[in-house]
Amino acid sequence: MVGLRGVSTCGELLVLSVVEAVESMFGSMYGNSTRDILAVCAVSPRSYDCSRTESVEIKVSIPTPAMPSVPMYISSVRISGSMKEKYTCFYACIQVFLAQCICYAGDLTYYRFMAKEVKIDGEWKEKLSDEFKKTYFKELTDFVRDEYKKTSIYPEPKNIFRAFDLCSFYDVKIVILGQDPYHGEGQANGLCFAVNSGVNPPPSLQNIFKELENDLGRQVNGSTKFTTGRDTDLSRLAKQGVLLLNATLTVRASSAGSHQGYGWEQFTDAVIKKLNEERENIVFILWGNYARNKGAHIDRNKHCVIESAHPSPFSAANGFFGSKPFSKANKYLEEHGKTSVEW
């Protein structure tokens, strides 16, 4: 919620800049927008003109976890000075507000997953509602919540279900199966094989880019230019209907496979089962024996299954390079009346 009381157009610009700053820091851990949890209100004076040197009061509040409908007051600040000074002060003060939010309400980056109700795309929430009620899933979430409290876990809580949030159930055209999130600092972003923008691509992702370029016969953004502008995030693929799904959705820092065997595999098996049974003409790309085994029960009469070696440096030369999964996937989609993916 954003409250703007009697603020002029210029005043709104300043206030909304604060909201944008908050959203850039917190992302969507409370759902689709940080506006659901932060109220940023210019309340004094009633009529505000940025060109003048009047002061303006900014208030920040968040809902109490136990009583979401009751905002918990956090802080306010009165700012005056030139327009440039106001902008500078707004961004400085929001840092203080966020620190106070953490102090009063606990680390908000945990809240999205810590909430008893799973925050996930609406279509997936409906399709997986039975899974969320099962004993194993409650035990899994209890385990993961405890892990986040005790040590460094990747990805950030807001990104645990990012693959689903970016690619709704009925939008899925291609599924690429991974195994674990990357366990290095700043790498995992909730999409299998992807890393955050600005992070050097790990060897497997580098090999994916190489095969992608060879397959399509042209340079692909991020495949050969190791610059800060390379596209390693892969969210643009997810938004086109590519579900980049890891079998395990969380991992302990510097400890590969540390969250295997706690229930994530059962959950992601249920995801594949739903897609297999309720959708048609999906392309499943399975790299390596782990993915092959996980996708063994996919109905080959309803869907296209593309298998090869894993893109890891240890196996890429044994069947991944030259497998042309990307052009094969697009060819299948086009043959079945679907839009191909702009890889």
For the stretch 156-184, pairs from a residue that is closer than 15 Å to GLU126 by Cα and modelled with pLDDT of 95 or more to a residue that is assigned to a loop (DSSP other than H, G, I, E, B) and polar (S, T, N, Q), with Cβ under 8 Å and 6 or more apart or across chains, are ASP165/SER28
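Could you say whether any residue in the stretch 240-259 is in a helix (DSSP H, G or I) and either modelled with pLDDT under 95 or open to solvent by less than 10 Å² (accessible area, probe 1.4 Å) (or both)?
Looking for residues that are in a helix (DSSP H, G or I) and either modelled with pLDDT under 95 or open to solvent by less than 10 Å² (accessible area, probe 1.4 Å) (or both), one finds none in the stretch 240-259, hence no.
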Between residues in the stretch 229-254 that are over 20 Å from THR268 (Cβ atoms) and in contact (Cβ under 8 Å) with a residue 12 or more places away in the chain and residues that are open to solvent by less than 20 Å² (accessible area, probe 1.4 Å) and in a strand (DSSP E or B), which pairs lie under 8 Å by C-beta distance while being six or more apart or on different chains?
ALA253/ILE153
In the stretch 203-223, how many residues are open to solvent by less than 20 Å² (accessible area, probe 1.4 Å), more than 13 Å from LEU237 (Cβ to Cβ) and modelled with pLDDT under 95?
1
Any idea how many residues of the stretch 312-343 are of a type outside the set (Phe, Trp, Tyr) and under 18 Å from LEU237 (Cα atoms)?
14
Residues that are more than 17 Å from TYR262 (Cα to Cα) and basic (Lys, Arg): which helices (runs of 4 or more DSSP H) entirely in the stretch 125-215 hold 3 or more of them?
none
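Tally time: how many residues in the stretch 321-340 are of a type outside the set (Gly, Ala, Ser), assigned to a loop (DSSP other than H, G, I, E, B) and within 27 Å of the chain's Cα centre (by Cα)?
Within the stretch 321-340, the first condition is being of a type outside the set (Gly, Ala, Ser), and the residues that meet it are 321, 324-326, 328, 330-336, 338-339.
Those left that are additionally assigned to a loop (DSSP other than H, G, I, E, B): 321, 324, 336, 338-339.
When the remaining residues are screened for being within 27 Å of the chain's Cα centre (by Cα), the result is 338-339.
So the answer is 2.
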Criterion first (open to solvent by 50 Å² or more (accessible area, probe 1.4 Å), outside any loop (DSSP other than H, G, I, E, B) and of a type outside the set (Phe, Trp, Tyr)) does ARG300 satisfy it?
no
Residue under question is GLU307, and the condition is that it be outside any loop (DSSP other than H, G, I, E, B), open to solvent by 20 Å² or more (accessible area, probe 1.4 Å) and either in contact (Cβ under 8 Å) with a residue 40 or more places away in the chain or not polar (S, T, N, Q) (or both); does it hold?
yes
Using beta carbons and a limit of 7 Å, which pairs, at least six apart or on different chains, have the first residue in the stretch 258-276 and over 17 Å from ARG145 (Cα atoms) and the second one among the acidic types (Asp, Glu)?
ALA270/GLU131; ASN276/ASP299
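The values are calculated or read from the model by the stated rules, or taken from the named source; none is laboratory data. These numbers were taken from a predicted model, which means no experiment stands behind them. Note: ideal-geometry Cβ built from the backbone for every residue, glycine included; neighbour counts use all protein chains shown. With ligands, DNA and RNA removed, areas are computed over all heavy atoms of the protein, side chains included. Shrake-Rupley method; radii C 1.70, N 1.55, O 1.52, S 1.80 Å.
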